[in-house]
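Take a look at the structure set out below.
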Amino acid sequence: MRSLFLMDNAAGLLTIKDKILYILVVIFLLTFYPGHMPAVNNVALGLLSVYCFFFYSTFREKYYLLRKRKEVVAMTLFYLLHIVSAYFSKDQAEGFSWVVVRMPLFVFPVSLGLVYIKQALKERIIWVFSVITAFTLLICTVWSVYHTISRQDLTLLYNDNLTILTDKQSIYIALLVNLAVFGFGYLLAIRSKLITNKWLVYGCLFILLVANFLLASRIAIITLYGSIICTAIWYAVQQKKFKLLAMVVAGVAVTGILLVSIFPKTLNRFRELKYTNYEYTHKGVESHFDMVITPDQWNGANIRLAVWSCGWELVKQHPWLGVQLGDKLHRLVDVYAAKHFDFAYESRRNMHNNYLDILVTFGITGFLLFLWGFLIEPLRHCIHRKDFFGILVIAAFMLSFIPENYFDRSMGNMMFAFFIAFIVSYREPPADPAHLYK
């Protein structure tokens, strides 16, 4: 744990600038999780971004990196598209409110995305993020267990009840749990010098695996265990260790059976997938992980299918330029009203799909710009350089965007922009001039 406080021998590999950047990242992460601290977290984000932009490297270095990192240009253009779209919206106030919420999509790429972070600092940032996430979930779990026992209510262990201390939705925390697992796995795989006590890491992984299941996010559970199996298959094929693959698959199966046996309520989130039929005019109640799932309920699956169908109506009406940022929710609610979809109309449901939201808002043009800048180009470089941590992180976001609209939450924008910019930042520029990076 000495490495968290820069008191280990490996800290000597960091320059003074590296150490300042590391401290600012730690402050940002520490203010990110606690609930009711958005102002403090925004200040931490500002300090981190200002330091990266003005102090960590020269503008000459940034210009060089900008020429090599074309995706940062696309990210910047995508955010500028928000400003243009807000201006041309009928509801400009609504549009510019979204411009503010989505500001991390611009701030992180042009600050963190335009510096070069070397391996030693990269490992340390991954390490501190993973440890802070595990520690946060440990506190949340202890808190939930205490209240579960005192109130004799098992539901307090699950879903949003587990993350009540963070004042954040469980689906977002579940994604961060997955990224922390990937972080620990990466550091173990490369035998990082930061890991001096493997049992500490194994303990953190145990906490994260249990938390992943208790958070009851279908996409997070599928992503985590799917990633483990896919990684095991790739490694087994590369190294021809098929017995190890069999052991991993058996271990995943046993872990799944044990978790379902101990925490059966999570299984209700998957039972919903059996009931995907819907009628817009249906007045049924919305199912919950603590309810008996029946066909007459609205659930996480059929609600999304109904909402996506309404969103697609808008795509067909405005395929190329979209309906504009300030008008997207108004237009979606109008579709709800036209279809007598009162369940979604009364709660003003968003798109529940990040891709569909971008497609509706900016049309095919903005959608392709987003895909190329934030996902495809960074992922292409990760694959080319065999950056498996980056591949897993980007893949996790890509899957998580299917059932949720991350860009409608400041937390979602901050998470995504930070990690994509971080992945870009540690990619060593080709033909690196010696006079720029000593």
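The values are calculated or read from the model by the stated rules, or taken from the named source; none is laboratory data. Every value quoted in this text rests on a predicted model; they were computed, and no experiment measured them. As a convention, Cβ positions derive from the backbone with ideal geometry for all residues, glycine included, and neighbour counts pool all protein chains shown. Just the protein is used for accessible areas: all its heavy atoms, side chains included, with ligands, DNA and RNA removed. Shrake-Rupley method; radii C 1.70, N 1.55, O 1.52, S 1.80 Å.
Over the chain, average the accessible area per residue using a 1.4 Å probe and give it in Å², no decimals.
Details: 20370 Å² over 438 residues.
For the chain, the solvent-accessible area averages 47 Å² per residue.
In percent, what relative contact order does the chain have, based on Cα pairs under 8 Å that are 6 or more apart in sequence? Spell out each step's value before the answer.
On the way: 552 pairs, mean separation 93.7, N = 438.
The value is 21 percent.
Please list, or write none, the aspartates and glutamates whose alpha carbon is within less than 20 Å of the alpha carbon of residue 19, excluding same-chain residues fewer than 8 places away.
8, 61, 123, 428
Considering the Cα trace of region 80-230, what is its radius of gyration and what is Dmax, both in angstroms?
Looking at region 80-230, its Cα Rg and Dmax stand at 19.1, 58 Å.
Mean Kyte-Doolittle of at least 1.6 plus a Cα span of 27 Å or more along the axis: flag which DSSP H helices in the chain meet both, please. Walk me through the numbers on the way to the answer.
Numbers: long enough: 119-151 (48 Å, 0.94); 170-189 (28 Å, 1.98); 218-239 (31 Å, 1.15); 242-262 (30 Å, 2.34).
Both cut-offs are met by 170-189, 242-262.
Tell me, what % of the accessible area of region 236-385 is carbon and sulfur with a 1.4 angstrom probe? Numbers along the way, then the final one.
Values: 5010 of 7870 Å².
Here it works out to 64 percent.
Suppose R0 equals 25 Å; then what is the FRET efficiency for residue 80 and residue 55 from their Cβ-Cβ distance, rounded to the nearest 0.05? Kindly include the intermediate steps, with their values, before the conclusion.
On the way: r = 25 Å, r/R0 = 0.99.
Taking R0 as 25 Å, the efficiency between residue 80 and residue 55 is 0.50.
First obtain the Kirkwood hydrodynamic radius of region 279-438 from its Cα pairs, then insert it into the Stokes-Einstein equation at 37 °C and 0.692 mPa s, and state the resulting D in µm² per second as a whole number.
Numbers: Rh = 17.8 Å.
It comes out at roughly 184 µm²/s.
By how many nm would the segment from residue 40 to residue 6 grow when fully extended, if each residue of separation counts as 0.36 nm and the alpha-carbon distance is taken off?
Numbers: separation 34, 0.36 × 34 = 12.24 nm, distance 2.36 nm.
Length gained, residue 40 through residue 6: 9.9 nm.
Could you give log10 I(q)/I(0) at q = 0.26 Å⁻¹ for region 303-387, computed by the Debye formula over C-alpha point scatterers of equal weight, without solvent?
Relative scattering, expressed as log10 I(q)/I(0), comes to -1.18.
With N residues in region 15-96, what two-decimal value do you get for its Cα radius of gyration over 2.2 N^0.38 Å?
Rounded to two decimals, the normalised Rg is 1.41.
Rounded to the nearest 500, what is the 222 nm mean residue ellipticity of the chain from helices alone, with -39500 (n - 2.57) per DSSP H run of 4+ residues and division by all residues? Provide the component values of the computation, followed by the final result.
Values: 20 runs with 287 residues, N = 438.
Mean residue ellipticity, 222 nm, calculated: -21000 deg cm²/dmol.
Based on Cα positions only, what radius of gyration and what Dmax would you give for region 229-281, in angstroms?
Looking at region 229-281, its Cα Rg and Dmax stand at 17.1, 56 Å.
Restricting everything to alpha-carbon atoms, can you work out Rg to Rh for region 212-302 with a Kirkwood hydrodynamic radius? Could the numbers behind the result be given before it?
Working: Rg = 17.1 Å, Rh = 15.1 Å.
Across region 212-302, the Cα-based Rg/Rh ratio is 1.13.
Using modelled amide H (1.01 Å from N, peptide plane; none on Pro or chain starts), what sits under 5 Å from the amide H of residue 426, excluding residues fewer than 5 places away?
117
Please give the residues of region 176-196, grouped as numeric ranges, whose backbone N is less than 20 Å from a label point set 7 Å along the Cα-to-Cβ vector of residue 139.
176-181
Order these peptides, 170-182, 100-112, 372-384, by their mean beta-carbon neighbour count within 10 angstrom, highest first. Mind dumping the intermediate values first?
Working: 170-182: 25.0, 100-112: 21.4, 372-384: 18.3.
Per-residue Cβ counts within 10 Å, averaged per peptide and sorted highest first, yield 170-182, 100-112, 372-384.
For an R0 of 30 angstrom, estimate the FRET efficiency from the Cβ-Cβ distance between residue 237 and residue 267 and round to the nearest 0.05.
Numbers: r = 32 Å, r/R0 = 1.06.
It comes out at approximately 0.40.
Extending each Cα 7 Å along its Cβ direction at residue 167 and residue 257, get the distance between those two points in nm, one decimal.
Each label point lies 7 Å from its Cα, and together they span 4.4 nm.
Out of these labelled values of mean projected area of the Cα convex hull in nm², [x] 22.4; [y] 24.9; [z] 20.5, which was calculated from the coordinates shown here?
Among [x] 22.4; [y] 24.9; [z] 20.5, the one derived from this structure is [x].
With a 10 Å radius around each residue's Cβ, average the other Cβ atoms per peptide and rank 326-335, 5-14, highest first. Walk me through the numbers on the way to the answer.
Numbers: 326-335: 20.7, 5-14: 13.3.
Ranking, from highest mean packing down: 326-335, 5-14.
Can you tell me the order of 413-419, 282-288, 114-120 when each peptide is scored by its average per-residue count of other Cβ atoms within 10 angstrom, highest first? Kindly include the intermediate steps, with their values, before the conclusion.
Numbers: 413-419: 22.7, 282-288: 14.9, 114-120: 19.3.
With the highest mean Cβ count within 10 Å placed first, the list reads 413-419, 114-120, 282-288.
State, as an integer percentage, the relative contact order of region 39-195 based on alpha-carbon contacts under 8 Å between residues 6 or more apart. Please report the intermediate quantities before stating the final value.
Values: 104 pairs, mean separation 33.1, N = 157.
Relative contact order of region 39-195: 21 percent.
Of the listed pairs 70/243; 118/198; 168/274; 198/240, which have alpha-carbon separations greater than 31 Å here?
Values: 70/243 43 Å; 118/198 24 Å; 168/274 28 Å; 198/240 26 Å.
Exceeds cut-off: 70/243.
Please compute P(r) over all alpha-carbon pairs of region 196-259, binned at 10 Å starting from zero, and give each bin as a whole-number percent.
20, 44, 33, 3
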